[in-house]
Amino acid sequence: MKQVSTANIRPILFGNKENDLAFTCDDIVYVMTECQAKVSPNITYRLSEYIITGLRAMVDSEELLYGSSRVYFPIPKLYVLQVGLETRESRLPDCVMYDMRLSESYKPPKDAYKKQGIAADLEATVHIYDFRMTLAEICQYIEDESIPARFSDYANDMRNYAFVANGITYIQRAVNDRTREYVMPANVSKVTDYLELLKKRDIFVDLLSNKEVCDMTLAQFSRDDMLIYQGREEGREEGREEGRHESISRFAETYFRLNQSAEEAYRVIAMTFPDVDSEYVKSVIREVYQ
């Protein structure tokens, strides 16, 4: 019988960073993360941080590592679920599943070392499941349940999760469309309509029937607004302040257009931006609802 337990880590050295999901299954430890933005070539290093810190946390005593007896660790396996929207088909991968390696980020050896056949002594392999979609693909899926051919071999929860994530992102952007690239699908006009549509298609019915889960889902996939909140001019406080106000304002505008009350908007926004003063959040919402 397989023994499964969670193994998430929140390393002090990395501040408030933590991996999305980690668990041990018998003698294997799985580290998984999810990316909603662009594909990052640095994901192999990030997961290497997580797994090394996680393995260290499995050792009860510092003395054991310096002792004469070997310390045994679970076998690490590293995975990434990549979702997101692309405006051009050329940016999509050739296949859903592929690998990225830490060694791809090493500087190439100089000629003198290249002749000696110098090879890296540290390697990590990350298995990527890439469910990015074009704007046309996700819009077509929403309207008539058309599934991209490259997804045909992946009739599983990962694919379903991609439909949830990509669809919510698309509709949120369509509601706040400023580039006119996002055409609102013919059969839905707001995110809640889309969640109901997913339930009819037998996708995460139990989860999407839970209001708290739906609220968290809406907050989770408002990453564009979260990025604006971080400030366009990294490292400059005025950029952060401007981004914070615009992000909360756009979030409130979305709820206003969906005919949601100011109280409901505040509840979800406060959950999404827990580090922002509540009175400040309320003042921004009042500006939008007046």
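Suppose we filter segment 268-281 for residues that are part of a helix (DSSP H, G or I) and surrounded by 14 or more Cβ atoms within 10 Å (Cβ to Cβ); how many remain?
Narrowing segment 268-281 to residues part of a helix (DSSP H, G or I): 268-272, 278-281.
After this cut, where a residue has to be surrounded by 14 or more Cβ atoms within 10 Å (Cβ to Cβ) as well, the list is 268-270, 272, 281.
So the count comes out to 5.
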Is there a residue in segment 29-38 that is under 17 Å from the mean Cα position of the chain (by Cα), surrounded by fewer than 14 Cβ atoms within 10 Å (Cβ to Cβ), assigned to a loop (DSSP other than H, G, I, E, B) and at pLDDT 85 or above? no
So the check is Cβ under 6 Å with 6+ separation or different chains; which pairs have a first residue in segment 89-101 that's free of Cβ contacts under 8 Å to residues at least 24 places away in the same chain and a second one that's of a type outside the set (Gly, Ala, Ser) and surrounded by 13 or more Cβ atoms within 10 Å (Cβ to Cβ)? none
Per-region count, segment 148-194, residues in contact (Cβ under 8 Å) with a residue 12 or more places away in the chain and either over 23 Å from Ser209 (Cβ atoms) or of a type in the set (Val, Ile, Thr) (or both): 20
When (1) surrounded by 12 or more Cβ atoms within 10 Å (Cβ to Cβ); (2) over 25 Å from Met216 (Cα atoms) are applied to Tyr129, the one that fails is (2)
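Tell me the residue from Val59, Val80, Val71 that is assigned to a strand (DSSP E or B) and assigned by TED's automatic domain parsing to the domain that holds Ser40, please.
Val80
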Exactly one of Gln116, Gln140 is outside the structural domain of Ala252 (by TED's automatic domain parsing), modelled with pLDDT under 85, of a type in the set (S, T, N, Q) and at negative phi, and that residue is Gln116
Going through segment 249-275 one residue at a time, which ones are more than 16 Å from Val191 (Cβ to Cβ) and at pLDDT below 80? Ala270, Phe273, Pro274, Asp275
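The values are calculated or read from the model by the stated rules, or taken from the named source; none is laboratory data. Everything numeric in this text was worked out from a predicted model, so none of it was measured. Positions of Cβ are backbone-derived with ideal geometry, glycine not excepted, and every protein chain shown enters the neighbour counts.
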